[in-house]
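I have a structure I would like to understand better, so I am pasting it below and will then ask my questions one at a time.
The values are calculated or read from the model by the stated rules, or taken from the named source; none is laboratory data. Since the structure is predicted, the reported quantities are computational estimates derived from the model, not experimental observations. Cβ sites come from the backbone with ideal geometry, for glycine too, and all protein chains shown count toward neighbours. SASA here: full protein model, heavy atoms, side chains in, ligands and nucleic acids out. Shrake-Rupley method; radii C 1.70, N 1.55, O 1.52, S 1.80 Å.
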Amino acid sequence: MSRTLWMIPLGKQLLVRDTKIEIMMNLPSQRIPLLTSLATLLLVAGFPFAAAGQTAALDPSGSQRIDSSAVAQTVDRFYAALVDGDSTAVAHLLAPDAIILEGGARETRTEYLGHHFHSDHAFLSAVERKTSTREIRLEGKTAWVTSTGRMHGTYDGQSYNLSTAGLLVLRRKDGNWRIQAIHWSSRSRQ
């Protein structure tokens, strides 16, 4: 299957997009012709692996590589632990001062793990989930991941067919990415 790749320079950033993924990268401060820059060549060579989370971006100074696959892996481990009901893994992936916005309420990590985590696990393990879009953006030690998708199935005797949207903000500390904030929303597709 062939894929079309768009590379769109936007000031000091480069937007890379195909039908499956969109990545915004900060470009080095030195102006290097776009088609001959090493970063661009690495990006183009590595882009077919983007759907598997094997992409990289440059930090604002251009001096360090930030591996966006580590962000994707953190998010994937979080959702897998949530579906599996692994509260220890979820607690480890949430920053100690994380905030979760869900269902019109605001919860701390401790409040979430003691309350909403259990109902989220029960619901997510009962329905089918499909991510339609996922975008990872990096800025220094901060990453934000936006996603949309669908959930459908039966839970607690009720049928669900939902459109979903989510925003996770992650912070890198001591080389590890932790989820700092979550905002989830959904609406009925019926």
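Would you pick out the residues in the range 102-126 that are farther than 25 Å from Ser159 by Cβ and open to solvent by less than 70 Å² (accessible area, probe 1.4 Å)?
Glu107, Thr108, Arg109, Tyr112, Leu113, Gly114
Then there's this: Could you check the range 158-170 and list, in sequence order, the residues that are of a type outside the set (Gly, Ala, Ser) and over 12 Å from the mean Cα position of the chain (by Cα)?
Looking only at the range 158-170, we keep the residues that are of a type outside the set (Gly, Ala, Ser), and these are 158, 160-162, 164, 167-170.
Once the filter is applied, which keeps residues that are of a type outside the set (Gly, Ala, Ser) and over 12 Å from the mean Cα position of the chain (by Cα), the range 158-170 yields Gln158, Tyr160, Asn161, Leu162, Thr164.
Here's a follow-up. Could you check, for the range 94-105, whether at least one of its residues is part of a strand (DSSP E or B) and more than 24 Å from Ala70 (Cα to Cα)? So that I can check it myself, show each step before the final result.
The initial filter retains those residues of the range 94-105 that are part of a strand (DSSP E or B), namely 94-102, 105.
Still in the list and also more than 24 Å from Ala70 (Cα to Cα): 102, 105.
The answer is yes; a qualifying residue exists.
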